Amino acid sequence: GFVFVFLFSRASRSLPPSGPNPNPNPNPKPNPKPNPARRSVREPRRALRRAATSRLGRSYNFASPAYASAFGGYPEVDGSALREAAVAHLDNMKDSTAWYDDPVCTVVDGVAHMNGSATTTIDAFEVENGRQLLATASEVDAVLEHVVSYKSPGFSKELRAKVRAVEEIMLTRHAGALIGDQALDFHKQDGVTEIEESLEANVVERALNDQLLEAEQRGEVRLNRAVALVGCVSNFGNFLDLCRKTLRNLEAGIPVLVLSRSNTTQHNFRWVQLLLNEMREAKIDAGMVTYLSATVEEQRRVMAALAADSPYYLTGSRPVAEAIKGLMPKTFSSTGGPNTMVAPALSDEVKAAAQMSTAIENSGQCTAMRHLVTDAATADDVEAIFSDLKVVPTPRDALAQGAFDAVFPGWAASFAVAPGYAAISGKPAAFKLGNAGAFPAPGIDENWRRLYLDVTTPAAGGSVREPAFLSQLARWLTAEQPITLAVNGDEGDDFKMSKQLFKETAQVVYSVGRGDAAALTCQARPQDGEIFGEFPPRSELTRYSAFPVFVPSATPGYVAGYAPEYLAGAATGATGFGPKLTAALLTIADEGLRGYAVVLLRYLQESCGAKEGIGARTTLWGLQRPPVWEGTHTLLRVNAGDGFDTAALQILPFAVTNARAGLAVSVADGHADAGRLAEFCANLGVDCAVEESAEAFDAAAAEAQPWNVVAADNAAATAEELPLVSHYVSIFFPMGHIKSVLSGDRAFVDAFQGSEKWLRFEG
């Protein structure tokens, strides 16, 4: 089925300040105050932004000074008022037939198309909950005709102001309906936190959009205004779909096409209806938002027709992402992974954290825990983890109680234990104790919405703390690529386990427990600098996504490029570096690519190094180098038909940073510029093998098992086809954050700020 799962979300901030976990709040809000729910969203630190955006077209790029300036200045939100509104909406919807009487249907230019074949919709637990009209072939044709012929209004300050006014109405006046509909459809327990965090994170992403749009106005970048396809998610759509993918595009003058789902499609359709109604009131052209209710086959026909120009924004499973990327090259996917907790000892605090992390939203978050690594564990130990598992009858009860890590008894009754797993007595959960020293098999099934836990222990007599075992774990983590890694049990301020795992892996989210305050896998607030992303294994990236998708970022920037005139001007700055770099830049014959290289190097020059977050937890974030281990981390293959200029451009980010160690360049036998490439690499201190056959390269890759394998022919041939420099760099380097669960943890900052894992400019 065409089901989008394994989605982005964060845990609630609604836990009571009691219980065995001394750090019960997975996402603490800095300096919380009771305030009215409806507040204007403030634009933070305008003066600082204006100063930073004067830099050479790099302001909106990840980790740049202006990017960092976008954090802060958040609105104050009354979560209690949001919760009351959501519960009231659910009470009003009780016994309602609205989702039958007003079925999901295709909407073009504000007009509902009602001739499609009728079917029923199902919720997240496969229970019928409404009707849907699947578009006829002629209705799908009408969608295609509209989105292809639609002329974007382009960007204007008036349009941006109108869209942002609509956004505020959606997230305040309609917040109860958004939360309630999501609870009915997905059985989400805590949609309140999503709205709170949307209001905060939107401030950052609006600012990044502003920086990008200002660069367009200056003639530096060009935005692609072909219709953007939105593949709706099930569990965090009010932020990801409505705000990130839809409103951020609309305010830039980019139309969107929202696609129906094979389950939990009701609440997505309802926010589209609300949005179109508010757009009409604000006098925004309804033609900018199209909704397609259609079968998978018809959706794929639409994708194929739009593939040449349109982006597709997806948060979903790797198989679904791969199927879509095969049709649409401009697919930008966020995919899941088996989130892991490391804890040598299973203290009461760790057990509570493991239960909470596994059960979050009935295992309905992409950050839900799937894998525990500990020194020793018996079946009784795992049973004890889930001994206090909460149960709530309905999503309404969960909302009213502020619960977010409970299970639903109706869904639990259908739980059937998968082969190879053991059931936990009296609980809808299962576990597997792996053979000592053995990690879970590749491609572990995450069992969405079911509680499963794989447990790994070292070989007999061994310890999780041993460096050799941690290196084995690091290799497993880089192969399976979980989103999050939580480490508990580091002794004192030495952080030995956390330091080694941080250095040897490439997760986006690292959380470090401190003493009795255990870290969860399900905690990240991107608006505080806790950068978030769901990346596939880097060597397989292009199977699923054009680039990694990270939050926060400017969504229209994923399909933006630089203006030729801007790159031509930048090329004149090639002589502004040291002798070695200047010589290297001048070997790039194409003026546009040389200008792009200058922008790339200036970006790295100002953006490398660790930055501190601004939230209640102590966070460091930024660009990182590939996993630091002995041998090769990245293989770059230059095939016989690949150009010198594009190969040189790919080598440069490594050559000018501490990622140089561990890069190996392989130039195919018969390459016309083999000698030049060898000289280029030698001058920059990069390892290069020339005249290497395909067989020899494959053998080297099999032996090295590198983190990433990059082929030069994957790069665009001309500068105009290349992405913004931060997206280009994201193909080669990790990014994300590491945090202590404590506030003001200077020992943590002192230990990690100087880590060799942070990318550093050495040009």
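The values are calculated or read from the model by the stated rules, or taken from the named source; none is laboratory data. Quick caveat, the model's predicted, so the values are computed rather than measured. All Cβ positions, glycine included, derive from the backbone under ideal geometry; neighbour counts span all protein chains shown. The area values use the complete protein model at the heavy-atom level, side chains included, leaving out ligands, DNA and RNA. Shrake-Rupley method; radii C 1.70, N 1.55, O 1.52, S 1.80 Å.
Spin-label point model (7 Å from Cα, Cβ direction): what's the Ser156 to Ala345 distance in nm?
6.7 nm
Using just the Cα positions, wrap region 138-235 in a convex hull and report its mean projected area in square nanometres, one decimal place. Kindly include the intermediate steps, with their values, before the conclusion.
On the way: hull surface 32.9 nm².
About 8.2 nm², averaged over all directions.
List the Cys residues of the chain that have no partner Cys with a C-beta closer than 4.7 Å.
For the chain, the answer is Cys105, Cys232, Cys243, Cys366, Cys522, Cys608, because their Cβ atoms have no other cysteine Cβ under 4.7 Å.
What Kirkwood hydrodynamic radius, in Å, does region 617-692 give when the mean of 1/r is taken over all pairs of distinct Cα atoms and then inverted?
Over region 617-692, the inverse of the mean reciprocal pair distance is 13.2 Å.
If the chain between Glu703 and Glu756 were fully stretched, how many nm would it gain, using 0.36 nm times the residue separation less the Cα-Cα distance?
Here the segment from Glu703 to Glu756 would lengthen by 16.6 nm.
Per DSSP H run of at least 4 residues, take -39500 (n - 2.57); add these up for the chain, divide by its residues and hand me the 222 nm value, nearest 500 deg cm²/dmol.
Value at 222 nm, helices only: -10500 deg cm²/dmol.
What is the Cα radius of gyration of region 673-758 over 2.2 N^0.38 Å, N being its residue count?
1.57
Which residues' amide hydrogens lie under 5 Å from the amide hydrogen of Glu692, considering only partners 5 or more residues apart or on another chain, with H built in the peptide plane?
Val667, Ala668, Asp669
What is the sum of charges, Lys and Arg at +1 and Asp and Glu at -1, for the other residues whose Cβ falls under 9 Å from the Cβ of Pro734?
+3
Can you figure out the FRET efficiency of Tyr100 with Lys432, using R₀ = 51 Å and their beta-carbon distance, to the nearest 0.05?
So, using R0 = 51 Å, E works out to roughly 0.75.
Kirkwood Rh over Cα pairs of region 254-330 into Stokes-Einstein at 10 °C, 1.306 mPa s: D in µm²/s?
116 µm²/s
Taking just the alpha-carbon atoms of the chain, what radius of gyration and Dmax come out, in angstrom?
Looking at the chain, its Cα Rg and Dmax stand at 25.3, 75 Å.
How high is the FRET efficiency from Asp494 to Ser387, r the C-beta distance, R0 41 Å, rounded to 0.05?
With a Förster radius of 41 Å, E is 0.80.
Using a probe of 1.4 angstrom, how much of the accessible area of region 613-763 is carbon and sulfur, in percent?
47 percent
In Å, what is the Rg of the alpha-carbon atoms in region 393-550, and how long is Dmax?
Expressed in Å, the Cα Rg and Dmax of region 393-550 come to 17.8, 48.
Starting from 0.36 nm per residue, how many nanometres of slack lie between Thr572 and Asp380 once their C-alpha separation is accounted for?
Numbers: separation 192, 0.36 × 192 = 69.12 nm, distance 6.82 nm.
Result: 62.3 nm gained on full extension.
With a 10 Å radius around each residue's Cβ, average the other Cβ atoms per peptide and rank 237-248, 118-129, 605-616, highest first.
Highest mean packing first, the order is 237-248, 605-616, 118-129.
I need the per residue convex hull volume for region 193-310, using only the alpha carbons, in cubic angstrom as a whole number.
That works out to 107 Å³ per residue.
Could you order Asp95, Asp348 by accessible surface area, starting with the largest, using a probe radius of 1.4 Å?
Asp95, Asp348
Quick one: grab Rg to one decimal and Dmax as a whole number for region 500-640, Cα atoms only, in Å.
When restricted to Cα atoms, region 500-640 yields Rg and Dmax of 18.8, 59 Å.
Semi-axes of the equivalent ellipsoid of region 346-482: what are they in whole Å, largest first, if each equals the square root of 5 times a C-alpha gyration tensor eigenvalue?
Semi-axes (√(5λ), whole Å): 28, 15, 14.
Which value in nm describes the separation of the simple spin-label points at Glu565 and Ala413, placed 7 Å from the Cα toward the beta carbon?
So the two model labels end up 6.9 nm from each other.
Which FRET efficiency value, to the nearest 0.05, is calculated for Arg676 and Ala304 with the Förster distance at 45 angstrom and r the Cβ-Cβ distance?
Given R0 = 45 Å and the Cβ-Cβ separation, E is 0.65.
Based on the Cα gyration tensor of region 470-554, what are the three equivalent ellipsoid semi-axes, each the root of five times an eigenvalue, rounded to whole Å and given largest first?
Listed largest to smallest, the semi-axes of region 470-554 are 24, 17, 9 Å.
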